[in-house]
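Notes follow once the structure below has been shown.
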Amino acid sequence: MSITSAATLATLHGTGPRRITDLAVIEGVTQPAMTVLVRVMEESGLVERKGDPSDKRVTLVCLTEAGASYVRTRRQAGVDAFARLIDELADDEVEALVAALPALAHLAELESQDREGPKR
């Protein structure tokens, strides 16, 4: 799976259903490229298109249960990999990481706000 595909799935997981145009802006690709990407992920069963209940002219891209499961599995694999690596660090290095956690949490919050992109 491409980085853009994985990032798009993560965006949908974090922000909920989005328009293709919004996803294109958030992921930094053209609308036609995002349309193709969504079609491929749709054929793979990771996303589906649904009408927007608030505007019948709009189609939203939604994460399927298979797509949500994929995102959760990838995230857990990342957590497991970091846990294994942290186990290899010296105690003072672990303490330095713990001290940095508030700053890292703030960075994650800022990144999440950036990924939300334009509102529907």
Q. Under 5 Å between amide H atoms, partner at least 5 residues away or on a different chain: which partners does V58 have, H built in plane at 1.01 Å?
A. D52
Q: Could you state the accessible area per residue of the chain in Å², with a 1.4 Å probe and every protein chain left in place?
A: 65
Q. How large is the helix-only mean residue ellipticity at 222 nm for the chain, computed as the sum of -39500 (n - 2.57) over DSSP H runs with n ≥ 4, divided by its residue count, in deg cm²/dmol to the nearest 500?
A. -23000 deg cm²/dmol
Q | Candidates per GluC sites (Glu not before Pro) in region 50-98, loop by DSSP, up to 14 other Cβ within 10 Å | A | E88
(Q) Out of the total accessible area of region 3-120 (probe 1.4 Å, heavy atoms of protein only), what percent is carbon and sulfur? (A) 58
Q: Pop out the ³J(HN,Hα) list for region 17-31 in order, Karplus 6.51 cos²θ - 1.76 cosθ + 1.60 with θ = phi - 60°, rounded to Hz; leave Gly and Pro as x.
A: x, 9, 6, 4, 4, 5, 4, 4, 5, 4, 8, x, 10, 6, 4
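Report relative contact order for the chain in percent, whole number only (criteria: Cα-Cα under 8 Å, sequence separation at least 6).
29
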**Q.** Spacing of the two label points (7 Å from each Cα toward its C-beta) at F82 and R57, in nm
**A.** 4.3
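The values are calculated or read from the model by the stated rules, or taken from the named source; none is laboratory data. Only a predicted model underlies this, so the values are computations on that prediction, with no experimental measurement involved. Positions of Cβ are backbone-derived with ideal geometry, glycine not excepted, and every protein chain shown enters the neighbour counts. Side chains are part of the model used for accessible areas, which takes the heavy atoms of the whole protein and leaves out ligands, DNA and RNA. Shrake-Rupley method; radii C 1.70, N 1.55, O 1.52, S 1.80 Å.
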